[in-house]
1. Which numbered condition trips up S50, out of (1) under 16 Å from V21 (Cβ atoms); (2) surrounded by fewer than 16 Cβ atoms within 10 Å (Cβ to Cβ); (3) polar (S, T, N, Q); (4) touching a Ser or Thr at 6+ places or on another chain (Cβ under 7 Å)?
2. Considering each residue of segment 96-113, count those that are surrounded by fewer than 17 Cβ atoms within 10 Å (Cβ to Cβ) and outside any helix (DSSP H, G or I), and give that number.
3. Hey, among the residues in segment 58-91 that are hydrophobic (A, V, I, L, M, F, W, C) and farther than 19 Å from N121 by Cα, which one's nearest to the chain's Cα centre (by Cα)?
4. Got at least one residue in segment 103-118 being over 21 Å from S17 (Cβ atoms) and touching a His at 6+ places or on another chain (Cβ under 9 Å)?
5. Every residue in segment 114-126 that is in contact with a Leu (Cβ under 9 Å, 6 or more places away or on another chain) and not in a loop (DSSP other than H, G, I, E, B), please.
6. L75: more than 25 Å from V18 (Cα to Cα) and free of Cβ contacts under 8 Å to residues at least 12 places away in the same chain, yes or no?
7. In segment 34-72, what residues are hydroxyl-bearing (S, T, Y) and touching a residue at least 60 places away in the same chain (Cβ under 8 Å)?
Amino acid sequence: MACYDAIFRPNAPAEGSVSVVFTSEQSIPARPSGRGQATMTVSCDAGKLSVAFAFAGHALSGTSRDSGITLQPDLQPARTRTLPASADNRSLLIDNTQEAVTFLEQLEGATNLSVRTTPFNYRSLSVRFRIDNATDLLAPVRAACE
């Protein structure tokens, strides 16, 4: 099974890691075809906390290996930042523990997280994640990284 995961699920959590996946409330156009959900995965792997945003199989960066993303919890001001792309270019990463902790703290008390990005060679995609129960769901993940 590890060989299968390495080939067909390159972003699958490693054995011994802890993660929580939030799926978007909206379906978006998926690659190569159809529709799918965006995901926000919060994980702790080898003591490193990270957050990954994936958009239904879209390539997220051209040759620069990073891309812009706008994050807005509830009615707070939107924050735009540039995040590195994963090795397979299918997700954007907050891959520094301190930055991930800061981001998750900004979500506390929020009900929804709106996220917008423009995948490589595609139009802008906007999704919303319901995160009102995130604090409880993320407690084991955060505890595993302490």
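1. (2)
2. Here the count works out to 5.
3. L71
4. Within segment 103-118 (the criterion being over 21 Å from S17 (Cβ atoms) and touching a His at 6+ places or on another chain (Cβ under 9 Å)), the answer is yes, since at least one residue qualifies.
5. S114, V115, R116, T117
6. Here the answer is yes, as L75 does meet what is asked.
7. S43
Each row is one residue, and each column tells you yes or no for (1) among the hydroxyl-bearing types (S, T, Y); (2) modelled with pLDDT of 95 or more; (3) more than 24 Å from R142 (Cβ to Cβ); (4) not in a strand (DSSP E or B).
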| residue | (1), (2), (3), (4) |
| --- | --- |
| S50 | yes, yes, no, no |
| F53 | no, yes, no, no |
| G57 | no, no, yes, yes |
| S61 | yes, no, yes, yes |
| S64 | yes, no, yes, yes |
| G68 | no, no, yes, no |
| L71 | no, yes, no, no |
| Q76 | no, no, no, yes |
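The values are calculated or read from the model by the stated rules, or taken from the named source; none is laboratory data. Being a predicted model, the structure only gives us computed values, none of them experimental. Every residue, glycine among them, receives a Cβ derived from its backbone with ideal geometry; neighbour counts consider all protein chains shown.
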